[in-house]
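Colleague: This is the structure I want to talk about, given as structure tokens.
The values are calculated or read from the model by the stated rules, or taken from the named source; none is laboratory data. Small disclaimer: the values here were computed from a predicted structure and weren't measured. Cβ placement follows ideal geometry from the backbone for every residue including glycine, while neighbour counts extend to all protein chains displayed.
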Amino acid sequence: MKKRKNKLDEMQEQKMLHIESRGCWIAFIGLMAVIAAQLVYYGRDCGNQIIGETIVFLCMGCYIVFECVRNGVWDRKFEPNLKVNICASLIAAVAAGVLKFLIVYRERGTDDVSLNAGIAAGSVSGINTFILCFVLLSIMLVAYRWRKNRLENGLPDEQEDK
Amino acid sequence: MARNIPIKVARAEKDMTQKALAEAVGISRQTMNAIEQGEYNPTIKLCRSICRVLGKSLDELFWEDEE
């Protein structure tokens, strides 16, 4: 099939990329909110209902993470280090903990036993999420450093100099 | 970013409108206007095209003095 010529000039192309980028993040945050809302509202029984959203959400997340690492970029504002990874994992852990608490609390009712069960489930979920996020971020950090090092040192001019 | 007066002057010398220059370079008028207003920083490729059409050097059109 014949490839159509780009009708946009460079400024319009940049604006289009900005718009698409914002659209991507709106979809990403929207999907996350929809999944969280359904989990809280329907509880554990909503597995089949959120499978589509979860697959799209995971595909988007995986694509962004792997493409960033492949191109040797980490983040615009945050340094790639252990401290940032711990902070990010803590944020994810708190979010997962609160979500789990709300799911359990809503399922069981509003008495003291449910409250305690919710706190316990939320804590366990938070700890698990923290460990999982931290391990994944650490792996990504190692992969990023390896890839960046390779991209920085594997440039054609450097090879010619040798 | 400061307004790009040299492009405006060079365009006036050649008696070209923004639209005519934009068409000669192969961009939209809104992009040409944004460059002149200092709202868009063009790529070196586009700078060279503008210079070629206006018969000026990169220094003459895009160099900004420190002060």
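Colleague: Criterion first (modelled with pLDDT of 95 or more and either of a type in the set (Phe, Trp, Tyr) or out of contact with any helix residue (DSSP H, G or I) (no Cβ under 8 Å at 6 or more places or on another chain) (or both)) does residue A:113 satisfy it?
Modeller: Answer is no for this residue.
This table checks each residue for (1) part of a helix (DSSP H, G or I); (2) within 11 Å of chain A (Cβ to nearest Cβ); (3) polar (S, T, N, Q); (4) over 14 Å from residue B:6 (Cα atoms).
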{"position": "B:27", "(1), (2), (3), (4)": "no, yes, no, yes"}
{"position": "B:31", "(1), (2), (3), (4)": "yes, yes, yes, yes"}
{"position": "B:38", "(1), (2), (3), (4)": "no, no, no, no"}
{"position": "B:42", "(1), (2), (3), (4)": "no, yes, no, yes"}
{"position": "B:45", "(1), (2), (3), (4)": "yes, yes, no, yes"}
{"position": "B:49", "(1), (2), (3), (4)": "yes, yes, yes, yes"}
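Colleague: Something else about it: Given the condition of a type outside the set (Ser, Thr, Tyr), closer than 15 Å to residue A:10 by Cβ and more than 11 Å from the chain's Cα centre (by Cα), answer yes or no: does some residue in region B:8-21 qualify?
Modeller: For region B:8-21, residues of a type outside the set (Ser, Thr, Tyr), closer than 15 Å to residue A:10 by Cβ and more than 11 Å from the chain's Cα centre (by Cα): absent.
Colleague: OK, next. Consider residue B:3 against the criteria (1) part of a helix (DSSP H, G or I); (2) surrounded by fewer than 14 Cβ atoms within 10 Å (Cβ to Cβ); (3) more than 14 Å from every other protein chain (Cβ to nearest Cβ): it satisfies all of them except one. Which criterion is unmet?
Modeller: Condition not satisfied by residue B:3: (1).
Colleague: Given the residues A:136, A:115, A:102, A:132, which is the only one that is out of contact with any Pro (no Cβ under 8 Å at 6 or more places or on another chain) and closer than 20 Å to residue A:38 by Cβ?
Modeller: A:102
Colleague: Looking only at region A:1-42, which residues are loosely packed, with under 14 Cβ neighbours inside 10 Å, among the polar types (S, T, N, Q) and more than 12 Å from chain B (Cβ to nearest Cβ)?
Modeller: Scanning region A:1-42 gives a single hit, A:21.
Colleague: OK, next. Out of all the residues in region A:47-82, which are surrounded by 15 or more Cβ atoms within 10 Å (Cβ to Cβ) and aromatic (Phe, Trp, Tyr)?
Modeller: A:57, A:74
Colleague: Given the residues A:58, A:99, which is the only one that is in the same structural domain as residue A:24 (by TED's automatic domain parsing) and on the phi < 0 side of the Ramachandran plot?
Modeller: Going through A:58, A:99 in turn, just one is in the same structural domain as residue A:24 (by TED's automatic domain parsing) and on the phi < 0 side of the Ramachandran plot: A:58.
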